[in-house]
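Working notes, beginning with the structure itself.
The values are calculated or read from the model by the stated rules, or taken from the named source; none is laboratory data. On a predicted model such as this, the values are computed, not experimentally measured, just so you know. Virtual Cβ from ideal backbone geometry, glycine too; neighbours counted across all protein chains shown. The accessibility values were calculated without ligands, DNA or RNA, using every heavy atom of the protein model including side chains. Shrake-Rupley method; radii C 1.70, N 1.55, O 1.52, S 1.80 Å.
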Amino acid sequence: MGKTALITGITGQDGAYLAEYLIKKGYTVHGMKRRSSLFNTDRIDHLYQGPHEKERKLILHYGDLTDSMNITRIIQEVQPDEIYNLAAMSHVKVSFDTPEYTANADGIGTLRILESVRLLGLTEKTRVYQASTSELYGLVQEIPQKETTPFYPRSPYAVAKLYGYWITVNYREAYGMHASNGILFNHESPLRGETFVTRKITRAVSRIALSMQDKLFLGNLSAQRDWGHAKDYVRAMYLILQQDKPSDYVIATGITTTVRDFVKMSFAELGLEVAFSGEGVNEKGKIAGINEKLFIEKAGAEYLENAKMLVGKEVVAVDKAYFRPTEVELLIGDPTKSRTLLGWTPEYDLPALVKDMMRSDVKEVKKNALLQKEGYRILNYFE
Ligand code: NAP
Ligand code: GDD
């Protein structure tokens with residue numbers, strides 16, 4: 001008999017990759033999905049099995065982290081061997097707009113899961129993974145950040161996640177639960193939500209190159225992040241729950257890069273060179289050159305003439321609307337513990353991540369460019 005896992009946040013980036021990974025390992029995966037007015041299952045549609053199919057490997061349940069009784073009922077029905085609590089209001093900037101909801105879902109939501117496991121008498125059976133975050137380090141107290149680095153959260157999101165972190169540790173110590181935190185540094189992919197900076201960049205760069213958008217507006221270009229690929233990071237989640245003893249692990253690449261350099265790398269994927277000048281809100285990025293051969297290979301000859309006209313044009317500007325009231329300027333993780341104890345090492349480095357995201361977004365933009373030619377209105381949401 002394969003194991004049974006319950007994933008909260010299954011419709012999100014990590015939930016989708018983790019569900020696929022566990023199903024391949026022979027798990028039956030139950031996912032918690034919020035009710036929405038449209039289907040919101042794009043990321044897991046390739047795994048979907050209808051309710052009338054036999055021996056389903058993926059089963060979805062309506063639920064919400066703010067609803068205790070619903071969580072308890074789902075856990076009671078599913079009797080999971082493993083719970084991966086990935087659901088969260090996960091956008092740092094949005095958490096300044098919705099602080100109370102964020103505290104409820106991301107902080108108390110974690111308590112609801114742990115307490116349900118305890119009340120249902122499942123502390124021996126059910127292992128719990130909590131999606132903790134490098135945002136806990138916030139105003140960093142040490143470089144690089146490791147498991148023992150003191151936390152200094154800088155947003156309502158990070159403060160809520162701080163509660164989630166410590167209540168997980170507390171349930172482990174108080175009730176002997178196999179409950180662990182993965183302190184994951186930023187991880188991205190073609191499935192990344194469109195308003196996180198990497199995906200915002202790779203989508204916009206693809207659109208600019210293919211004449212579907214003029215300019216990319218960003219906030220703090222000097223912020224530094226330790227970016228990995230989500231596919232590698234869900235593997236770490238699984239490994240954390242396979243250990244005999246529960247513990248907390250930093251999952252990171254150990255390399256940090258500025259947002260500005262991520263922009264340059266994304267344009268460079270298509271053979272476009274960007275040069276930045278100016279400072280703060282006046283900083284601009286202009287196309288300084290084009291490698292025509294590379295552009296044709298990656299974007300297609302049919303877009304070359306328009307792309308050549310981009311040379312000398314301003315394609316990146318700063319809009320202070322994207323600044324945060326309190327910012328996390330630098331994150332860089334020390335993954336020694338996870339490498340040593342979990343045997344975890346990432347397969348993707350940053351260039352491979354950028355390549356994967358750009359390949360996927362160029363493909364999508366090309367489809368949209370064709371639809372636009374046929375007269376369809378293709379919206380560019382600026383967020
Ligand atoms: P994501 O793409 O934003 O997905 C979040 C998921 O949570 C979605 O399925 C969302 O459902 C669900 N959700 C939100 N509020 C909920 C609620 N009240 N009840 C039930 N479900 C709810 O996030 P992600 O990038 O996959 O991240 C997964 C987890 O890891 C999150 O907890 C995040 O905070 C944490 N984390 C992420 C990173 C990273 O770099 N990606 C790093 C460290 C930690 P809808 O689809 O309905 O919105
Ligand atoms: N989103 C966004 N949009 N960020 C921008 C922009 C912009 O236009 N311009 C600059 N940035 C900067 C942000 O100020 C931040 O310093 C950095 O880019 C990364 O922002 P996000 O991609 O939104 O991610 P995050 O680091 O705030 O949070 C993500 O990673 C955390 C782990 O460290 C989320 O996935 C969190 O859920 C996760 O916990």
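Some points to look at:
- All conditions but one from (1) open to solvent by 10 Å² or more (accessible area, probe 1.4 Å); (2) in contact with a strand residue (DSSP E or B) (Cβ under 6 Å, 6 or more places away or on another chain); (3) in a helix (DSSP H, G or I) apply to residue 170; the one that does not is (2).
A quick yes/no check of all residues on (1) away from ligand 2 (no atom under 13 Å from the Cβ); (2) within 23 Å of the chain's Cα centre (by Cα); (3) open to solvent by 20 Å² or more (accessible area, probe 1.4 Å):
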position	(1), (2), (3)
73	yes, no, yes
101	yes, yes, yes
118	yes, no, yes
130	no, yes, no
136	no, yes, no
162	no, yes, yes
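- Residue within the range 38-61 that is more than 20 Å from residue 180 (Cα to Cα), open to solvent by 20 Å² or more (accessible area, probe 1.4 Å), within 16 Å of ligand 2 (Cβ to nearest atom) and touching a residue at least 12 places away in the same chain (Cβ under 8 Å) present: yes
- For the range 286-305, the set of residues classified as free of Cβ contacts under 8 Å to residues at least 60 places away in the same chain and among the small types (Gly, Ala, Ser) consists of 288, 289, 301, listed by residue number.
- Selection count, the range 86-99, where residues are more than 8 Å from ligand 1 (Cβ to nearest atom) and open to solvent by less than 30 Å² (accessible area, probe 1.4 Å): 2
- If you check 155, 180 for being closer than 20 Å to residue 82 by Cα, modelled with pLDDT of 95 or more and among the hydroxyl-bearing types (Ser, Thr, Tyr), only one passes: 180.
- Listed by first and then second residue, the pairs linking a residue in the range 134-145 that is within 10 Å of residue 250 (Cβ to Cβ) to a residue that is outside any helix (DSSP H, G or I) and polar (S, T, N, Q), with Cβ atoms under 8 Å apart and 6 or more places separating them unless they lie on different chains, are 134/145; 134/186; 137/145; 137/149.
- Any hit, the range 2-12, residues being more than 9 Å from ligand 1 (Cβ to nearest atom), modelled with pLDDT under 95 and open to solvent by 30 Å² or more (accessible area, probe 1.4 Å): yes
- Odd one out for residue 212 among (1) farther than 23 Å from residue 131 by Cα; (2) modelled with pLDDT of 95 or more; (3) surrounded by fewer than 22 Cβ atoms within 10 Å (Cβ to Cβ): (2)
- The range 307-334: number of residues that are open to solvent by 30 Å² or more (accessible area, probe 1.4 Å), within 27 Å of residue 154 (Cα to Cα), more than 16 Å from ligand 1 (Cβ to nearest atom) and outside any loop (DSSP other than H, G, I, E, B): 3
- Count of the range 188-202 residues, restricted to those that are assigned to a helix (DSSP H, G or I) and either over 17 Å from residue 134 (Cβ atoms) or near ligand 1 (Cβ under 7 Å from one of its atoms) (or both), is 4.
- Yes/no for residue 81 being of a type in the set (Asp, Glu), crowded, with 17+ Cβ neighbours inside 10 Å and near ligand 1 (Cβ under 10 Å from one of its atoms): no
- Residue check for residue 274: in a helix (DSSP H, G or I) and more than 16 Å from ligand 1 (Cβ to nearest atom): no
- Residue in the range 236-250 that is outside any helix (DSSP H, G or I) and under 30 Å from residue 293 (Cβ atoms) present: no
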